[in-house]
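Contents: one structure, followed by commentary.
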Amino acid sequence: MEQHEVSSNEVQIVAFKLKREEYGMSILNVEEIKRLTDITRVPFTPDFIKGVMNLRGSVLPVIDLKKRIGLPDAEYTDATRIIVVKLEEITVGMIVDAVTEVLTIDSAHITSSKQITSTENDAHSESNKFINGIGNLNNRLVILLNLSEILGLNGEIK
Amino acid sequence: MDTNQYMEMFLEESKDHLQSLNERLLDLERDPADSSAINEIFRSAHTLKGMSATMGFTAIAELTHDMENVLDLIRNDKLKADEDIVDVLFKCIDALQQMVDNVSDGDPENSVEVKDLVDRLNAIATGNQQPAAPKAAESAGKKADNETIVPPTDIELSDIDLDLINSAKDSGLRAMQVKVILADTCVLKTVRSYMVMSALDEIGDVIKSIPPTEDLEQEKFDLEFELILLTGEEEQKVESILMNISEIKKVIIKLINVPAPVKKNISVEKKASVPAAVKKNAPAVKKQAIQHHDNMKSGQSVRVGIERLDSLMNLVGELVINKTRLEQIGNTHRIAELVETVEQMDRVTGDLQSIVMKVRMVTVGQVFNRFPRVVRDLAKELNKEVNLTIEGEDTELDRTVIDEIGDPLVHLIRNSMDHGIEHPDDREAKGKSRVGKVGLIARHEGNNVIIMVTDDGAGIDANIIRNKAIEKGVITQEDGDNMTDAEAVRLIFLPGFSTSDVITDVSGRGVGMDVVRTTIEALGGVIDVETKKNEGSIFKIKLPLTLAIIQALLVDVQEEIYAIPLAAIDSTINITPEDIKTIQNKETIVIRGEIIPIVRLDRALNVVSAEDKEDEEIYVVVVHVGDKKCGIMVDKLIGQQEIVIKTLGKLLSGIKVISGATVLGNGQIALILDVAILMQ
């Protein structure tokens, strides 16, 4: 277990692709990763809510992550995956273009979103509120997502 | 003996026995001559005694033992079950309940103070005996002694028994009637009876027992039982063998002399096969007993933890998904055999799924059955006369809901009796019957289960509530003035309103009503109240069938599948586009002279329509909510099916027109329509 003992400065990230960019979320929020399955459309929902899927008998809402954070739409491919995410008793599936790997990043290498945007004075602009920070792993940039914003836990989705 | 592994069983079974004690004691109170009630009470108490003694809970065993003494006197008509006695017995049950609760909490069971109860029990028991017998237990023993003088002749012998006895005699065996009386301290009676049986089996054949073998196995007998034994041994030998078994108090043996059978032909026939018949018959008797046992078992139940059911349900879900994959493989590779097999598997998994779902359902009767006792105690406490009626106790609800609903209901019932039902004299003055009525009613209504607590009491005075609420600062004077009476009455559900000091001065209600409301709402339900002055109040709890199973019609709209609850459906009809008439810009159809507005489901749900198919046949599902009717236009009717309602979850909870979702047999999800919302 010694070598797995992540020092308090390190975080483990599930990295995945949306378009060409690499994104990540804390592994602690990831329940499992599934292949794309049947998704049932639910009427009267925002367009980024793809619908609901069957996860071993329970009904799971599915979010199209690209639509959610304002990236252009694209066809689903063989590499498309659903990451099952759990945050504060809410479990949802998130559609991503591909899951790459689990990364360990030293928190010293994470630039928080405040630092990035403070100079531009648009810290709360629509596209940036979903971003917690950017991890830099030997010049490989991973955008870390703010899951609670994405799930609208702050009361946006109604 | 390691009793830990039996602990759970003990607790569960004790609860059952206490419940049955409560119920039957209520019956006995109503009709003191009810012999089946007293017998059942005795049996439950006795089983409880045996179980607790085995588990080492002597306090429970001792209390039940003392109860038994009194019960025994009642059972033998030596004592009348009057109010005092029933009261004491109820208190004993409460004490036992407390002890069992302590055991389940890991506390010592003997921390409950029962000395008073024991004294009173003994006083009741000894007060009705000869002064010579100081202890009830001894008197029971005495009684048994007395009974032994009566010759044991009451075994009824059937023709078959007679034949057996006769043929046994012909082959030199004796038929004897053996009466075994166990020591009254005997706890493991079943074990003793079993030892008796096996001892006798070694020296002969037991052809009959009273009570029957299965009752012996389940301890459904008192301290004595009788057997008919066919054996070559002498009576003394048999007696000494039996007396070697511990805890046997007495054995009485009597030879049976049966007159020679009248029907010669049968006896001749039997004679030919004498030894065989005797030998064969003994196992046959046993076999029959075992069969009986099985029958009993099929009606019995097994207790399973809900989390096990959950994981079972998940596994079944997984199985279904994999089955669907196999199906796809079969179809893509055109393997007929595989497809065929999968089709059969499909049926099995479907059944499996629905059974697993059903297993989670329990009837509300499980909650309701505790209320007769609650009402009885409360009526006594409040000096009121109350008659409780229960309806719809076989309505099924999900187990999790059942577990939660009990406390709110107790609250409502207490409120109805405390604040609703008036004192008998007041009722008489108002021209009502002295006996107040409290009703507990459950039924299905559309997608919901309705549970109502009704009373014919004083009703809730809206003005008092209004004033109290203003005084408490829950609402402003202005709010209060603008409120209708119905709205004012609903104030009782507000948190600020229902503190206990309010109740004492208000003739209305309010004890923890907000707690009731919160619990109900946590279950996804709503509570409402209707009240009429001097006519009573109705508290109506509406619970969604979360996880409940309903019958639904599956319909197809542009390849999307929706479920419409069957309870809301009147009929389905086939129309052509010409049948649709427009009235004030609204599309309607006429069915049997009735004008019914229609809703195009694809438009109502913003379904992306692939193509317009105006010229085809149109299917309309006619639904109703209350008296209002509406036709829902769909593309195809798929069929009727039992579905399990699941919530869409917190994230999607805002969507009104969808009341839930269900997982279809192929793993696909179909949404359930809320017809009432759709009609608006």
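The values are calculated or read from the model by the stated rules, or taken from the named source; none is laboratory data. The structure presented is a predicted model; accordingly, all values stated were derived computationally and were not measured. In this analysis, Cβ positions are derived from the backbone assuming ideal geometry, glycine residues included, and neighbour counts consider all displayed protein chains. The accessibility values were calculated without ligands, DNA or RNA, using every heavy atom of the protein model including side chains. Shrake-Rupley method; radii C 1.70, N 1.55, O 1.52, S 1.80 Å.
Worth a mention:
- Label point distance in nm, residue B:113-residue A:27, each placed 7 Å from Cα along Cα→Cβ: 6.0
- Under 5 Å between amide hydrogens, built in the peptide plane, is the criterion, and for residue B:536 it picks out B:457, B:459 among residues at least 5 positions away or on other chains.
- Neighbouring partner chain Cβ atoms per residue of A:81-92, average, 10 Å criterion: 1
- Tensor-based shape of the range B:306-360 (alpha-carbon gyration tensor, a/c under 1.5 rounded, otherwise prolate or oblate): prolate
- Annotation for the range A:1-87: GluC sites (Glu not before Pro) lying in DSSP loop with at most 11 further Cβ atoms inside 10 Å of their Cβ are A:5, A:75.
- Sorting the Cα pairs of the range B:549-679 by distance into bins of 5 Å, from 0 upward, gives 2, 10, 21, 23, 21, 13, 7, 3, 0 percent per bin.
- Length-normalised contact order of the range B:306-360 in % [C-alpha pairs under 8 Å, at least 6 apart]: 50
- Across the range A:2-150, the mean sequence separation of Cα contacts (distance under 8 Å, 6 or more residues apart), normalised by length, yields a relative contact order of 26 percent.
- Restriction of the trypsin sites (Lys or Arg not before Pro) in the range B:589-680 to DSSP coil positions whose beta-carbon has at most 12 other beta-carbons within 10 angstrom yields B:592, B:613, B:656.
- Pairwise label distance in nanometres, residue A:19 with residue B:185, each label 7 Å out on the Cα-Cβ vector: 8.9
- For the range B:163-261, GluC sites (Glu not before Pro) meeting the loop criterion (DSSP other than H, G, I, E, B) and having at most 11 other Cβ atoms within 10 Å: none.
- Considering the range B:382-544 at the alpha-carbon level, its Rg and Dmax are found to be 15.8, 46 Å.
- Placing a pseudo-label 7 Å from each Cα along the Cα-to-Cβ vector at residue A:44 and residue B:434 gives an inter-label distance of 5.6 nm.
- Inter-chain Cβ neighbour count for A:30-42, averaged per residue, equals 3 (cutoff 10 Å, partner chain atoms only).
- Pairs exceeding a 25 Å alpha-carbon distance, out of B:468/B:540; B:15/B:49; B:358/B:437: B:358/B:437.
- Contact surface B-A: accessible area buried, both sides summed, square angstrom, 1.4 angstrom probe: 2100
- Average other protein chain Cβ within 10 Å of Cβ, residues B:645-657: 5
- The coefficient of translational diffusion for the range A:1-97, derived via Stokes-Einstein from the alpha carbon Kirkwood radius under 10 °C and 1.306 mPa s, stands at 109 µm²/s.
- Fraction of beta bridges assigned by DSSP in the range B:346-475 that are antiparallel (%, nearest 5): 65
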